[in-house]
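Take a look at the structure below.
The values are calculated or read from the model by the stated rules, or taken from the named source; none is laboratory data. Computed from a predicted model, the values in this text were never measured in an experiment. Cβ sites come from the backbone with ideal geometry, for glycine too, and all protein chains shown count toward neighbours.
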Amino acid sequence: MQKAKILLVDDRPENLLALEAILSALDQTLVRASSGEEALKALLTDDFAVILLDVQMPGMDGFETAAHIKRRERTRDIPIIFLTAINHGPHHTFRGYAAGAVDYISKPFDPWVLRAKVSVFVDLYMKNCKLREQAELLRIQVEGRGDGRAEPTGVIAELSARLAAVEEQAEALSKQLDDESADAAAVATAAHLERKLTGLRRALDAIDPTSGGTAPVLPPQG
């Protein structure tokens, strides 16, 4: 599968260099943006697993940039982790969450913690990509007959096998997040993914002649 893209937004080159050094171990594609405006341009053409966004930037600051991101249908669901070198107390933190951030980290931050947090959202993104791929294959197979039911071919078996692999990975991820220290946003996203997987499994069973399913094909729920 293609590598996930992570957007790093900071007006200071040395900070971007430090983020790249910390996140290089994830072996994903790291994309730089030195301003809010540059970040918004990158988001017009590319899909990102997560955005690391500096709060204090000249011109369009992190809060304003996040507001623009959340207003766009294409980008509103991308997780945003705010990074800030200042701490103005709970009100400042609340403003970050109100702007749509899933996390708010003060500098200097623990490299291991930051890498672990980003890794969770990368895993969720990759599993969602696999889920969309399975859904598209299922749609193509169903529409091939034209009557709403798929031909009993090896394609269904292949779909079922691929879906089972995603289900297994999603279950493992949910177990990793099943503790008090897990981010609430990551837990909610994982639960949303599991609901979609359940809906897709039911739809696949309904058209699989070997499963005895006779129910109509329904789109994944959630």
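Among the residues of segment 44-57, those that are at pLDDT 95 or above and out of contact with any Phe, Trp or Tyr (no Cβ under 6 Å at 6 or more places or on another chain) comprise 48, 51, 52.
Being surrounded by 14 or more Cβ atoms within 10 Å (Cβ to Cβ), at pLDDT 80 or above and assigned to a helix (DSSP H, G or I) is true for just one of 135, 185. Which residue is that? Let's see the steps before the verdict.
Values: 185 fails: at pLDDT 80 or above.
Testing whether each residue is surrounded by 14 or more Cβ atoms within 10 Å (Cβ to Cβ), at pLDDT 80 or above and assigned to a helix (DSSP H, G or I) leaves just 135.
In segment 72-86, the count of residues that are surrounded by 17 or more Cβ atoms within 10 Å (Cβ to Cβ) and of a type in the set (Gly, Ala, Ser) is zero. Among the residues making up segment 98-115, those that are surrounded by 14 or more Cβ atoms within 10 Å (Cβ to Cβ) and part of a helix (DSSP H, G or I) are 111, 114, 115.
Conditions (1) of a type in the set (Lys, Arg); (2) at pLDDT below 90; (3) surrounded by 15 or more Cβ atoms within 10 Å (Cβ to Cβ); (4) not assigned by TED's automatic domain parsing to the domain that holds residue 173, marked per residue:
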position: 91; (1), (2), (3), (4): no, yes, no, yes
position: 95; (1), (2), (3), (4): yes, yes, yes, yes
position: 118; (1), (2), (3), (4): no, no, yes, yes
position: 128; (1), (2), (3), (4): no, yes, yes, no
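If the condition is being out of contact with any Lys or Arg (no Cβ under 7 Å at 6 or more places or on another chain) and over 20 Å from residue 105 (Cα atoms), then segment 44-57 contributes 44, 45. With respect to (1) at pLDDT 90 or above; (2) under 23 Å from residue 30 (Cα atoms); (3) of a type outside the set (Val, Ile, Thr), the lone exception for residue 71 is condition (2). Of all residues in segment 33-80, those being among the hydroxyl-bearing types (Ser, Thr, Tyr) and out of contact with any helix residue (DSSP H, G or I) (no Cβ under 8 Å at 6 or more places or on another chain) number 2.
In segment 1-27, the residues that are in contact (Cβ under 8 Å) with a residue 60 or more places away in the chain reach residues that are surrounded by 11 or more Cβ atoms within 10 Å (Cβ to Cβ) and of a type in the set (Lys, Arg) with C-beta atoms within less than 7 angstrom, at least six apart or across chains, in these pairs: 22/115; 23/115; 25/115; 26/115.
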